[in-house]
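Visitor: One structure, pasted below without further comment.
The values are calculated or read from the model by the stated rules, or taken from the named source; none is laboratory data. Owing to the predicted nature of the structure, the values given are computational and were not obtained by experimental measurement. Heads up, the Cβs are rebuilt from the backbone with ideal geometry, glycines too, and the neighbour counts pull from every protein chain shown.
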Amino acid sequence: MTLFSAALLLFLVMDPFGNVPVFLAVVAPVAPERRRRVIARELLIALAFLLVFLFAGGSLLAAVGISEATLTVAGGVILFLIALRMLFPPPGGVFPADTEEGGDEPFLVPLAVPLVAGPSALAAVLFIMNSDPERWPEWLAAVVLAWAASGAVLLLSTDLARVLKRRGLIAIERLMGMVLTAVATKLILTGLADFFGL
């Protein structure tokens, strides 16, 4: 796996284009002048989670008795379910959000976790690190690159929604769902192979 392929995998798993409508819905009650600041804060929190899991994920899992193969399969299953919801969304959307006016400003949930640094993203980070731990500087760069690209998309979510319109966002979400289905299948198969020692 190269730095580019690792960054691309993480970018797809983070699914920023699919998250644009959700981010807009969640920050709707926030004052317009604060929205980008709130999104930037949530992105930084998500980056912290990703970096902690990149360097300490294996130790954390060992402490609670969860194997890396188990997490990889769990991340793949969750990602697969999310991909299916992207391909066949329920009436409330992929991630129904409370958009009632006057709601509290979002903090940590759901923007940072699980939308950016969700179980599937954490599993992908762990999978990349375990593929070759000695190349950790490359994996660190891949995480930062994927996060930065996702962050740029989400910070420009209002402008993207205006340009792409609803149909454009739906088309991108369906495309990302198809790609994520394949990524999820790969994670599940890899986790099962590791678990059974194949």
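Visitor: State whether one or more residues within segment 158-178 are part of a helix (DSSP H, G or I), at pLDDT 85 or above and within 14 Å of the chain's Cα centre (by Cα).
Guide: No, segment 158-178 has no match at all.
Let's see how each residue does on (1) within 21 Å of Val73 (Cα to Cα); (2) at pLDDT below 85; (3) not in a helix (DSSP H, G or I):
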position	(1), (2), (3)
Ala112	no, no, no
Ala121	yes, no, no
Phe127	yes, yes, no
Asn130	yes, yes, no
Pro137	no, no, no
Leu140	no, no, no
Val143	yes, no, no
Ala146	no, no, no
Ala149	no, no, no
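Visitor: Is there any pair linking a residue in segment 85-96 that is surrounded by 16 or more Cβ atoms within 10 Å (Cβ to Cβ) and in a loop (DSSP other than H, G, I, E, B) to one that is at pLDDT 70 or above and of a type in the set (Lys, Arg), with Cβ under 8 Å and at least six apart or on different chains, and which?
Guide: Short answer, once both residue conditions are applied: Val94/Arg85.
Visitor: Name the residues in segment 119-151 that are within 22 Å of Pro21 (Cα to Cα) and free of Cβ contacts under 8 Å to residues at least 60 places away in the same chain, would you?
Guide: Answer for segment 119-151, where residues must be within 22 Å of Pro21 (Cα to Cα) and free of Cβ contacts under 8 Å to residues at least 60 places away in the same chain: Pro119, Ala148.
Visitor: Let me confirm something: among Ala69, Ala28, Ala63, Ala40, which residue is modelled with pLDDT of 80 or more, surrounded by fewer than 17 Cβ atoms within 10 Å (Cβ to Cβ) and in contact with a Leu (Cβ under 8 Å, 6 or more places away or on another chain)?
Guide: Going through Ala69, Ala28, Ala63, Ala40 in turn, just one is modelled with pLDDT of 80 or more, surrounded by fewer than 17 Cβ atoms within 10 Å (Cβ to Cβ) and in contact with a Leu (Cβ under 8 Å, 6 or more places away or on another chain): Ala40.
Visitor: I'm trying to understand the selection: among the residues of segment 110-159, which are buried (at least 18 other Cβ atoms within 10 Å of the Cβ), over 16 Å from Val183 (Cα atoms) and touching a Leu at 6+ places or on another chain (Cβ under 6 Å)?
Guide: Within segment 110-159, Ala117, Met129, Ala142, Val143, Trp147, Gly151, Ser157 meet the criteria.
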